[in-house]
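Notes follow the structure.
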Ligand code: SIN
């Protein structure tokens, strides 16, 4: 995952908010409405009220205290979409206060009450999936079909945790003496700080917010400043669903400052983050000062092993999906394709043909399967990986340069004769480039696959069931796709080992990250 600086403008607090101090803790002007933008493209939304250029603190839609804003633009066209608040520490502290004040009432609701509100939020997300998808394509670039797919995926976490909320069971442990009863309670951890990335502007939010809310926690989310619009729209729907103000807060702006405010606060009891390993390490370090619980979903360097005995058609389809989804900008995207000698040429030929059929363009145009990269810095990173590989002997089979559409578009690329000496073998490219590396036998494949500090996703294609088991067990990764390139789903545990992170998101296991265990020892029950 990448993080880049963005244009920030200083200015008067144009649309807002800090003049009227009706609550000294939460200084947003009362009754401030969400602001809708009136641009042409915005009129294409069925519900134009979903386009908001504000943050959410408690029940107030807010600008920043000093009026600073940051531009959100369309990576496909460069068009300015909105100016959103560029917030910092002070606003984050207000959001923490709002979340802290909302916690007692929210955590004391019954799980059925919380479940019903989450379910209503799920219904609204699905009802507005086309609008939310449209917003996402505009701000993030992914093809509309993929964006709407992400909304459904994102809503899936809300539905799942609406159900799981009702299953937060405790335990009774058989006591070692007659007059005691030993009980285990599971309680919400408290206020949570969530920091989320631009590559999945909504799914990475609901994957954190839904289990947190189901457990009884309240939360402050800092979405990426590149893609805050779908996040804010979803937060508006959460309020409409009846989730009480303060339970979900959104602050947008200065990552390091917002992060520092979340880390330093003793009211914040947990940090959850999806993003780069570099930032994840800093957050983990920052959590030490107040001993906060932390979940991290960090970078990957996914290998895809294609054995001689693989079904070529299945392998091509799987590798294509796992490499080029979101134009290669996911943490579970294949970074290295390891192909066994005996099938190397045949696979390269079939894979190259499939890649050359991918349609690059504006994600709103029909038939487009590959959108732009998020920004120019991302394109430069891809270019540097390709140049490095070619300078060390790789050959470009398909693509290999910026797309003729210019700006942030890069051609879907396949490199053959890649080797472990190349930068792309050890660093996540986060773009549409697939290097094909040759191997000889199973042992070598596993060694190459594990030769990285990362351990998020991995993929294996083989028709040999014994080998499939053996290799899946030997891979040092949190997730393995066996004859499958699409492994993400809300019902399975997503997460990594080694420097790819801590904790799991999604599935019943994802709820544990937001719960504390309390042991209650009831004694002297035989005294009368
Ligand atoms: C990620 O890239 O961080 C998540 C991808 C997914 O959920 O599939």
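Filtered by the rule that a residue be within 16 Å of the ligand (Cβ to nearest atom), part of a strand (DSSP E or B) and touching a helix residue (DSSP H, G or I) at 6+ places or on another chain (Cβ under 6 Å), region 279-302 gives a lone residue, 296. So, residue 229, is that one within 17 Å of residue 147 (Cα to Cα) and more than 16 Å from the ligand (Cβ to nearest atom) or not? Yes; evaluated as a whole, the condition is true for this residue. Elements of the type helices (runs of 4 or more DSSP H) sitting completely within region 422-528 and holding at least 2 residues that are more than 15 Å from the ligand (Cβ to nearest atom) and either under 18 Å from the mean Cα position of the chain (by Cα) or free of Cβ contacts under 8 Å to residues at least 60 places away in the same chain (or both): these cover 442-450, 465-474, 509-512. Here are the criteria: (1) buried (at least 19 other Cβ atoms within 10 Å of the Cβ); (2) on the phi > 0 side of the Ramachandran plot. Tell me which single one residue 355 does not satisfy. With (1) buried (at least 19 other Cβ atoms within 10 Å of the Cβ); (2) on the phi > 0 side of the Ramachandran plot applied to residue 355, the lone miss is (2).
Residues in region 473-499 that are out of contact with any strand residue (DSSP E or B) (no Cβ under 8 Å at 6 or more places or on another chain) and more than 16 Å from residue 206 (Cβ to Cβ): 473, 474, 476, 486, 497, 498, 499. Filtering region 361-370 to residues that are touching a strand residue (DSSP E or B) at 6+ places or on another chain (Cβ under 8 Å) and surrounded by 20 or more Cβ atoms within 10 Å (Cβ to Cβ) leaves 368, 370. What do you reckon, is residue 192 within 15 Å of the ligand (Cβ to nearest atom), on the phi < 0 side of the Ramachandran plot and crowded, with 19+ Cβ neighbours inside 10 Å? For residue 192, the condition - within 15 Å of the ligand (Cβ to nearest atom), on the phi < 0 side of the Ramachandran plot and crowded, with 19+ Cβ neighbours inside 10 Å - is not met.
Every residue, every condition in (1) crowded, with 17+ Cβ neighbours inside 10 Å; (2) under 18 Å from the mean Cα position of the chain (by Cα); (3) under 18 Å from residue 192 (Cα atoms), yes or no:
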residue	(1), (2), (3)
265	yes, no, yes
280	yes, yes, yes
295	yes, yes, yes
301	yes, yes, no
341	no, no, no
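Applying a threshold of 8 Å to beta carbon distances and a minimum spacing of six or more residues, or different chains, the list of pairs starting in region 319-345 at a residue that is closer than 15 Å to residue 309 by Cα and without any contact (Cβ under 8 Å) to a residue 40 or more places away in the chain and ending at one that is in a helix (DSSP H, G or I) and more than 16 Å from the ligand (Cβ to nearest atom) reads 343/312.
Of all residues in region 147-194, those satisfying the criterion of being free of Cβ contacts under 8 Å to residues at least 40 places away in the same chain and over 22 Å from residue 486 (Cα atoms) are 169, 170, 171, 172, 173, 174, 175, 176, 177. Here residue 99 meets each of (1) out of contact with any strand residue (DSSP E or B) (no Cβ under 7 Å at 6 or more places or on another chain); (2) in contact (Cβ under 8 Å) with a residue 24 or more places away in the chain; (3) under 30 Å from residue 512 (Cβ atoms) with one exception, condition (1). Within region 222-264, the only residue that satisfies the criterion of being without any contact (Cβ under 8 Å) to a residue 60 or more places away in the chain, in a loop (DSSP other than H, G, I, E, B) and either under 15 Å from residue 92 (Cβ atoms) or touching a strand residue (DSSP E or B) at 6+ places or on another chain (Cβ under 7 Å) (or both) is 223.
We did not get these values from a lab; they are worked out from the coordinates using the rules stated. Everything quoted here is computed from the prediction, not taken from an experiment. Glycine gets a Cβ as well: all are built from the backbone with ideal geometry, and neighbour counts include every protein chain shown.
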